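Peer 1: The following block contains the structure, expressed as structure tokens.
The values are calculated or read from the model by the stated rules, or taken from the named source; none is laboratory data. Everything numeric here is computed off the predicted structure, so don't read it as measured data. No Cβ is skipped: glycine too gets one built from the backbone with ideal geometry, and neighbour counts run over all protein chains shown.
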Amino acid sequence: MSHQFSPAIRDMPSIQPTEFRQAMRSLASGVAIVTTGTAAGRRGLTVSSVTSICMEPPCLVVGINARSEAHDEILASGSFGVSLLRSDQEDLALRFGGREGAKGVHRFDTAPWNQGVLDVPLLPNAFCALECVLYDHKVLGTHTIFIGRIIAAREGHGNPLINFRGALRTLLLD
């Protein structure tokens, strides 16, 4: 959807990617692993761009780079899981972020995974786990914005893992 703003506003240059990255480092966000697929087709990645978008229907939005292994699998399967990580799951965040070089189904080797009601992989000991049916998606630059309609949710326990100022940190709960 394109709005008809005045050319003076519409044609203003964007900030540089380095400025944008630096500004976004000040936004604390939860860390999650987004997963899809079954058996040898399982794919997943670490994200810190998960946001609730509406209550009716209950939906969330997640941004995923189009080059990610999970990207096309989400489009093909029409469903995905979101495991919000606990503070003691930093190793999984790094593994699914590509730090160890593991790819594809091999990213799932170091932790137990359950298949949810949509048959998507979910961490059984996540801080929170959500299952989503792909409601809509929109390509925007290098990423696709996936909107997932939430059909199942399970709360866990512990302290959430967050990304703040370029580092993974713990949010201590009372």
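Peer 1: Residues to consider are Ala167, Ala111, Ala70; find the one that is among the small types (Gly, Ala, Ser) and surrounded by fewer than 14 Cβ atoms within 10 Å (Cβ to Cβ).
Peer 2: After ruling out the rest, the residue left standing is Ala167.
Peer 1: Which members of the stretch 121-174 meet the condition of being of a type in the set (Phe, Trp, Tyr), modelled with pLDDT of 95 or more and over 14 Å from Thr35 (Cα atoms)?
Peer 2: Residues satisfying the conditions are Phe127, Tyr135.
Peer 1: Within the stretch 100-108, identify whether any single residue is within 26 Å of Gly158 (Cβ to Cβ), crowded, with 17+ Cβ neighbours inside 10 Å and not hydrophobic (A, V, I, L, M, F, W, C), and answer yes or no.
Peer 2: yes
Peer 1: Contact list please: Cβ distance under 6 Å, first residue in the stretch 145-173 and within 18 Å of Arg21 (Cβ to Cβ), second residue outside any loop (DSSP other than H, G, I, E, B) and of a type in the set (D, E, K, R), pairs at least six apart or on different chains.
Peer 2: Ile162/Arg169; Leu168/Glu90
Peer 1: In the stretch 90-142, what residues are of a type in the set (S, T, N, Q) and over 15 Å from Gly44 (Cα atoms)?
Peer 2: Of everything in the stretch 90-142, those that are of a type in the set (S, T, N, Q) and over 15 Å from Gly44 (Cα atoms) turn out to be Asn125, Thr142.
Peer 1: Suppose we keep only residues that are over 23 Å from Asn163 (Cα atoms) and not hydrophobic (A, V, I, L, M, F, W, C) within the stretch 33-48. Which one would you say is surrounded by the most Cβ atoms within 10 Å (Cβ to Cβ)?
Peer 2: Only one residue fits best here, namely Gly37.
Peer 1: Let me ask something else about it. Taking strands (runs of 3 or more DSSP E) that do not extend beyond the stretch 31-71, which have at least 3 residues that are under 15 Å from Tyr135 (Cα atoms)?
Peer 2: Per the criteria, 50-55, 58-65.
Peer 1: Continuing with this model, one more query. I'd like to check something: does the stretch 78-91 contain any residue that is in contact with a Phe, Trp or Tyr (Cβ under 7 Å, 6 or more places away or on another chain), touching a residue at least 40 places away in the same chain (Cβ under 8 Å) and β-branched (Val, Ile, Thr)?
Peer 2: no
Yes/no matrix, rows are residues, columns are (1) modelled with pLDDT under 90; (2) of a type outside the set (Ser, Thr, Tyr):
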residue	(1), (2)
Pro17	yes, yes
Arg21	yes, yes
Gly37	no, yes
Ala40	no, yes
Arg43	no, yes
Ser49	yes, no
Gly98	no, yes
Arg107	no, yes
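Peer 1: Within the set of pairs 6 or more residues apart or between chains, which connect a residue that is among the polar types (S, T, N, Q) inside the stretch 13-31 to a residue that is in a helix (DSSP H, G or I) with Cβ atoms less than 8 Å apart?
Peer 2: Pairs that qualify, where the first residue is among the polar types (S, T, N, Q) and the partner is in a helix (DSSP H, G or I), are Ser14/Phe20.
Peer 1: Quick one: which of Val117, Val61 is more than 12 Å from the chain's Cα centre (by Cα) and among the β-branched types (Val, Ile, Thr)?
Peer 2: Answer to the check: Val117.
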